[in-house]
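Notes follow once the structure below has been shown.
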Amino acid sequence: MAKIIRFPSENQNMVDELEKIIELAKQGNIKNYVFAAELQGEDEGVVATAYFNADLGTRQLLNSHIQVDIMAGMVEVNFCDE
């Protein structure tokens, strides 16, 4: 399993975090990605998705890592703080 690097970090500024990701891309350090965002304003409730260099298998692989990260966070919140 791959090492998971969480975005956002403790710095809860979305633009800063996106700029970190853009810098990784500029350096050639991103092979592929999945993106999902819930929009607001006129498009409230719409979810935008995007993929780069990711066929269906790669999309599933990357989404699985997101799910594992979510489950790890749930374990931390519910079982590690006792």
**Message:** Tell me whether region 47-64 contains one or more residues that are under 20 Å from R6 (Cβ atoms), touching a residue at least 60 places away in the same chain (Cβ under 8 Å) and under 14 Å from the mean Cα position of the chain (by Cα).
**Reply:** no
**Request:** Considering only residues that are in contact with a strand residue (DSSP E or B) (Cβ under 7 Å, 6 or more places away or on another chain) and open to solvent by 100 Å² or more (accessible area, probe 1.4 Å), look in region 36-82 and name the one that is farthest from M14 (Cα to Cα).
**Result:** F52
**Residue that is among the aliphatic types (A, V, I, L, M), modelled with pLDDT under 85, within 22 Å of G73 (Cα to Cα) and open to solvent by 80 Å² or more (accessible area, probe 1.4 Å), where the choices are M14, M1** = M1
**Request:** Tally the residues that are assigned to a loop (DSSP other than H, G, I, E, B), out of contact with any helix residue (DSSP H, G or I) (no Cβ under 6 Å at 6 or more places or on another chain) and not acidic (D, E), restricting the search to region 29-82.
**Result:** 9
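The values are calculated or read from the model by the stated rules, or taken from the named source; none is laboratory data. Remember, predicted model here, so these are calculated numbers, not experimental data. When we count neighbours, we look across all protein chains shown, and the Cβ atoms used for this are built from the backbone with ideal geometry, even at glycine. Please note that ligands, DNA and RNA were not included when accessible areas were found on the heavy atoms of the full protein model with its side chains. Shrake-Rupley method; radii C 1.70, N 1.55, O 1.52, S 1.80 Å.
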